[in-house]
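The values are calculated or read from the model by the stated rules, or taken from the named source; none is laboratory data. What you are looking at is a predicted structure, and each value in this text was computed from that prediction instead of being measured. Methodologically, a virtual Cβ is constructed for each residue, glycine included, from the backbone with ideal geometry; neighbour enumeration extends over all protein chains shown. Heavy atoms of the whole protein, side chains included, go into the accessibility calculation; ligands, DNA and RNA do not. Shrake-Rupley method; radii C 1.70, N 1.55, O 1.52, S 1.80 Å.
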Amino acid sequence: MIPDRLRAPVALLAVGFVTTVLLSGCSGQGNAEAGNAQAAAVSFSRAVAGATDEACGLLAPQTRKELEDREGPCASALPAELQSTPGPVRSTEVYGKDAIVRLESDTIFLARFRDGWQVTAAGCARAQVGRPYDCKVKGD
């Protein structure tokens with residue numbers, strides 16, 4: 001049994017410990033998800049240049065549908081729309097089930113689906129900082 005004079009400090013220590021454990025778990029998952037999103041974006045960027053079927057498979061369903069509705073079959077439309085040259089990753093940000101991966105020559109938006117990260121927009125650039133991105137390939 002804990003004496004009355006020690007209950008409040010012990011309770012505060014317990015709350016602090018639980019909070020630390022929970023926050024550590026969240027940061028670990030965020031780091032893993034950032035790595036997974038980054039890997040998907042890099043794979044997509046590399047596949048656009050050569051393995052077009054693979055790149056098309058990494059597009060989110062709505063993004064692929066919009067591309068094909070506008071430009072025709074993905075395998076021929078994607079390389080025509082994106083002149084992607086894979087470069088080093090500059091930054092990766094994860095916001096729940098969405099991510100932004102900034103490569104040296106492209107910004108790629110992704111969403112996490114049941115089977116992993118898929119590209120929702122690519123070939124994205126901003127005319128000015130603080131303005132929305134203009135993307136060559138995107139879904140609604």
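A cut-off under 13 angstrom between Cβ atoms defines the neighbours of Ala75, and their net charge, with Lys, Arg +1 and Asp, Glu -1, is -4.
Taking K and R as +1 and D and E as -1, what net charge do the other residues with C-beta under 13 Å from the C-beta of Val137 add up to? Present the calculation step by step, with values, prior to reporting the outcome.
Values: positive: Arg64, Lys65, Arg70, Lys136, Lys138; negative: Glu66, Glu68, Asp69, Glu71, Glu81, Asp106, Asp134, Asp140.
Result for the local shell: -3.
Projected over every direction and averaged, the convex hull enclosing the alpha-carbon atoms of segment 30-138 yields 6.5 nm².
Using a probe radius of 1.4 angstrom, the carbon and sulfur fraction of the accessible surface of segment 30-138 is 49%.
A protection proxy built from the mean count of other Cβ atoms within 10 Å ranks the segments 129-140, 100-111, 58-69, most packed first, as 100-111, 58-69, 129-140.
Near Gly87, once Lys and Arg are set to +1 and Asp and Glu to -1 for all other residues with Cβ below 12 Å from its Cβ, the sum equals +1.
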